[in-house]
1. Going residue by residue through region 57-73, is there one that turns out to be surrounded by 14 or more Cβ atoms within 10 Å (Cβ to Cβ), under 13 Å from residue 40 (Cα atoms) and not assigned by TED's automatic domain parsing to the domain that holds residue 7?
2. Looking at region 215-227 only, could you name the residues that are without any contact (Cβ under 8 Å) to a residue 60 or more places away in the chain and buried (at least 17 other Cβ atoms within 10 Å of the Cβ)?
3. Would you pick out the residues in region 42-86 that are under 20 Å from residue 31 (Cβ atoms) and under 20 Å from the mean Cα position of the chain (by Cα)?
4. Kindly state which helices (runs of 4 or more DSSP H) lie completely within region 72-152 and contain at least 3 residues that are without any contact (Cβ under 8 Å) to a residue 60 or more places away in the chain and touching a helix residue (DSSP H, G or I) at 6+ places or on another chain (Cβ under 8 Å).
5. Which is modelled with pLDDT of 95 or more and either outside the structural domain of residue 142 (by TED's automatic domain parsing) or more than 30 Å from residue 141 (Cβ to Cβ) (or both), of 198, 226?
6. Working only within region 75-94, note down all residues that are surrounded by fewer than 17 Cβ atoms within 10 Å (Cβ to Cβ) and either outside the structural domain of residue 2 (by TED's automatic domain parsing) or more than 13 Å from residue 63 (Cα to Cα) (or both).
7. Taking residue 209 and the conditions (1) closer than 20 Å to residue 170 by Cα; (2) assigned to a helix (DSSP H, G or I); (3) under 19 Å from the mean Cα position of the chain (by Cα), which numbered condition does it fall short on, given that it satisfies the others?
8. Being assigned by TED's automatic domain parsing to the domain that holds residue 215, at pLDDT below 95 and either surrounded by fewer than 16 Cβ atoms within 10 Å (Cβ to Cβ) or touching a strand residue (DSSP E or B) at 6+ places or on another chain (Cβ under 6 Å) (or both), is that true of even one residue in region 171-191?
């Protein structure tokens, strides 16, 4: 299996919505973004799959060394071997890859986030940095597009947090800020149940509103001349905003079941969004 095939397999097995965004890219950009996505999945799996924190920390340290080796032209892992040819052409920064690893390490340091300021740092490292790297791979002409990518990453991470609140709690992690739980009279352990109270709905509606604000802010930053190049991000935004709408229409019952969009619906959203982001004349 070649490094590119390894990354494609990693991306395919994740079942992520990213597949629907990648399909509109040319081969070189698609290989680059698939390798980036595989890197994110690999370091995320370190934290999710290792029960012993010391083992997870050691593996993350290995990945820090591997990032350094990759930027020195000597990658060893299939993912970094797939990534290395794209670093210079797309001006991908070593610092951003290290930030992603820092974000994964935060999952070992925090089982709950005290306030939104702390959560914002996690969102930046785990998602906004990925957005910034992705924007460079997709291509842009106006630096305002990087502000769009930053805010879009946070918006998508906040959507993930709301969707996965029950699953994360069962694994011992609470991402919704503790001071906001206190404000809405909700205890963290309640997220492990399958019962939805009015207080939960109010808390979750507040989280959804914050995510929408970040989507709106992101799209306000994106210049018209970069919309076509940034189609993959726009497709992801459309899919995730639709997921957020579904959560709201379902009465914020995310503790009771996981809200999903069907593959056919995701494909329809991707096609419709791609058509709306045609090149400007």
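1. no
2. If the condition is that a residue be without any contact (Cβ under 8 Å) to a residue 60 or more places away in the chain and buried (at least 17 other Cβ atoms within 10 Å of the Cβ), then 227 is the only one that fits.
3. 42, 43, 67, 79, 80, 83
4. Ranges flagged: 78-87, 94-109, 116-123.
5. Criteria check complete, one pass: 198.
6. 85, 88, 89, 91, 93
7. So residue 209 meets the others, but not (1).
8. Checked against the condition, which is being assigned by TED's automatic domain parsing to the domain that holds residue 215, at pLDDT below 95 and either surrounded by fewer than 16 Cβ atoms within 10 Å (Cβ to Cβ) or touching a strand residue (DSSP E or B) at 6+ places or on another chain (Cβ under 6 Å) (or both), region 171-191 yields at least one hit.
The values are calculated or read from the model by the stated rules, or taken from the named source; none is laboratory data. Keep in mind that what you see is a predicted model, and the values were worked out from it rather than measured. Cβ sites come from the backbone with ideal geometry, for glycine too, and all protein chains shown count toward neighbours.
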